[in-house]
Every structure is written in structure tokens, then in C-alpha cells.
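For reference, the structure discussed in these notes is given below.
Laboratory data are not the source of any read-out in this text; all were calculated from the coordinates shown. From a predicted model like this one, the values you see are computed outputs, not experimental measurements. Here the Cβ positions follow ideal geometry from the backbone for every residue, glycine too, while neighbour counts run over all protein chains shown.
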Amino acid sequence: MWDGITWFFDELLIIISNIWNAFLSSFAFIIESIPVPSFLLNLTPFVIPESISFFAQAFQIQFGISIVVSAYTLRFFIRRLPIVG
């Protein structure tokens with residue numbers, strides 16, 4: 001009897017999983033079929049110029065920003081500890 005109950009719930013879980021997978025696939029198809037707005041097609045004026053990009057890469061701005069953000073995050077969590085902060 002117990003085997004029948006576990007089989008039933010296993011099959012029910014598989015059916016629910018297949019329904020969820022079909023729902024997510026159809027939702028992704030609907031989202032992908034939405035056309036791109038016309039104002040997003042011509043974004044070339046908003047690109048960072050090469051002169052700024054060169055210095056940002058030379059000074060490793062991306063690495064510096066990630067260090068600062070992680071330091072502030074660590075400081076936030078340390079201040080939440082009652083003994084240390």
C-alpha cells in the first residue's frame with residue numbers, strides 16, 4: 001500500500017513539474033516575441049567614448065568599484081553583529 005502512495009505522489013510531482021516547465025516555456029516565448037522598442041535601436045550616442053574607456057581600463061575602475069562595494073557590504077554586516085559592531 002505504501003508503495004502505491006509513494007508512486008502516486010511521485011507521478012503527481014512529475015506532472016506538476018511538466019506543467020510548470022510548459023508554463024515557463026510559454027512565458028519565455030511570449031517575452032521573446034515582444035519587439036524591441038525603436039528608441040533602444042539607436043543607442044550609439046550613449047556609448048562611453050574610447051578616451052574614457054581607455055583610462056577606466058588603465059586605472060581598473062571596475063575592480064576598484066567592486067572592492068569599495070564589497071567593503072561597504074562587509075561593514076554593513078559587521079555592524080549588525082551585536083558583539084563586534
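Things to note:
- Residue pairs whose Cβ atoms lie under 8 Å apart, separated by 6 or more positions or on different chains, with the first residue in the stretch 69-85 and in contact (Cβ under 8 Å) with a residue 60 or more places away in the chain and the second assigned to a helix (DSSP H, G or I) and surrounded by 10 or more Cβ atoms within 10 Å (Cβ to Cβ), do not occur.
- All of F63, F39, F55 fail the test of being part of a helix (DSSP H, G or I), more than 27 Å from the chain's Cα centre (by Cα) and among the hydrophobic types (A, V, I, L, M, F, W, C), apart from F55.
- Filtered by the rule that a residue be outside any helix (DSSP H, G or I) and of a type in the set (V, I, T), the stretch 1-36 gives I34, V36.
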